[in-house]
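Novice: Sharing a structure below in structure tokens format, with a few things to ask.
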Amino acid sequence: MPLLLVEKTAAGVLWAYNAAHLQALHDYAAAPLRERAGMSNGSMFSRLPRWMKLARNRVLLQKATTRLMAKANAIR
């Protein structure tokens, strides 16, 4: 089945499995400080595409997640 929560951005394609996944991505984009837990490649956030991790794309990612949250609420 195709994913319903997909948003194309100028930097890349953002997708989420569900509202919880989308909220985690939004919180990651909004975090002022991104700390590493010590393990490399041990979390979902370490495996995100490079464009999502770049500071210059934080606002873009926040706007895209907000649009997807609205879309998710409309689907319910």
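The values are calculated or read from the model by the stated rules, or taken from the named source; none is laboratory data. Everything quoted here is computed from the prediction, not taken from an experiment. Note: ideal-geometry Cβ built from the backbone for every residue, glycine included; neighbour counts use all protein chains shown. Ligands, DNA and RNA are stripped out before the accessible areas are found, and what is left, the full protein with its side chains, is counted by its heavy atoms. Shrake-Rupley method; radii C 1.70, N 1.55, O 1.52, S 1.80 Å.
Novice: Across segment 30-59, which residue is farthest from Leu14 (Cα to Cα) among those that are of a type in the set (Gly, Ala, Ser) and at pLDDT 90 or above?
Specialist: We begin by selecting, within segment 30-59, every residue of a type in the set (Gly, Ala, Ser); these are 30-31, 37-38, 40, 42-43, 46, 55.
Within this subset, residues satisfying the condition of being at pLDDT 90 or above are 30-31, 55.
Numbers: Ala30: 15, Ala31: 18, Ala55: 16 Å.
Here the answer is Ala31.
Novice: Can you tell me how many residues in segment 1-10 are part of a loop (DSSP other than H, G, I, E, B) and touching a Lys or Arg at 6+ places or on another chain (Cβ under 9 Å)? Full working, then the answer.
Specialist: Step one: of segment 1-10, the residues part of a loop (DSSP other than H, G, I, E, B) are 1-4, 9-10.
Remaining after also requiring touching a Lys or Arg at 6+ places or on another chain (Cβ under 9 Å): 4, 9.
Adding up the residues that qualify gives 2.
Novice: Hey, can you tell me all the residues within segment 16-52 that are within 19 Å of Lys71 (Cβ to Cβ), among the aliphatic types (A, V, I, L, M) and surrounded by 10 or more Cβ atoms within 10 Å (Cβ to Cβ)?
Specialist: Those that are within 19 Å of Lys71 (Cβ to Cβ), among the aliphatic types (A, V, I, L, M) and surrounded by 10 or more Cβ atoms within 10 Å (Cβ to Cβ): Ala16, Ala19, Leu22, Ala24, Leu25, Ala29, Ala30, Met52.
Novice: Could you please tell me which pairs satisfy a Cβ distance under 9 Å, a separation of 6+ or placement on different chains, a first residue in segment 2-30 that is touching a residue at least 24 places away in the same chain (Cβ under 8 Å), and a second residue that is among the polar types (S, T, N, Q) and open to solvent by 40 Å² or more (accessible area, probe 1.4 Å)?
Specialist: Leu5/Asn18; Ala16/Gln23; Ala19/Asn73; His26/Gln62; His26/Thr66; Ala29/Gln62; Ala30/Gln62
Novice: Could you list, ordered by first residue, the pairs with Cβ atoms under 7 Å in which the first is in segment 60-76 and closer than 11 Å to Leu4 by Cβ and the second is exposed (fewer than 15 other Cβ atoms within 10 Å of the Cβ) and not hydroxyl-bearing (Ser, Thr, Tyr), at least 6 apart or interchain?
Specialist: Ile75/Leu4
Novice: Considering only segment 60-76, I want to know if a residue exists there that is surrounded by fewer than 12 Cβ atoms within 10 Å (Cβ to Cβ), outside any loop (DSSP other than H, G, I, E, B) and at pLDDT below 90.
Specialist: Step one: filter segment 60-76 for residues surrounded by fewer than 12 Cβ atoms within 10 Å (Cβ to Cβ), giving 70, 73-76.
Retained after the next criterion (residues that are outside any loop (DSSP other than H, G, I, E, B)): 70, 73-75.
Subset that is at pLDDT below 90: 75.
There is at least one residue in segment 60-76 that is surrounded by fewer than 12 Cβ atoms within 10 Å (Cβ to Cβ), outside any loop (DSSP other than H, G, I, E, B) and at pLDDT below 90.
Novice: Could you list, in sequence order, all residues of segment 33-59 that are touching a residue at least 12 places away in the same chain (Cβ under 8 Å) and either closer than 19 Å to Val6 by Cβ or touching a strand residue (DSSP E or B) at 6+ places or on another chain (Cβ under 9 Å) (or both)?
Specialist: Across segment 33-59, the qualifying residues are Met44, Leu48, Pro49, Trp51, Met52, Asn57.
Novice: So Arg36 clears everything in (1) in a helix (DSSP H, G or I); (2) in contact with a helix residue (DSSP H, G or I) (Cβ under 9 Å, 6 or more places away or on another chain) except one condition, right? Which one?
Specialist: (1)
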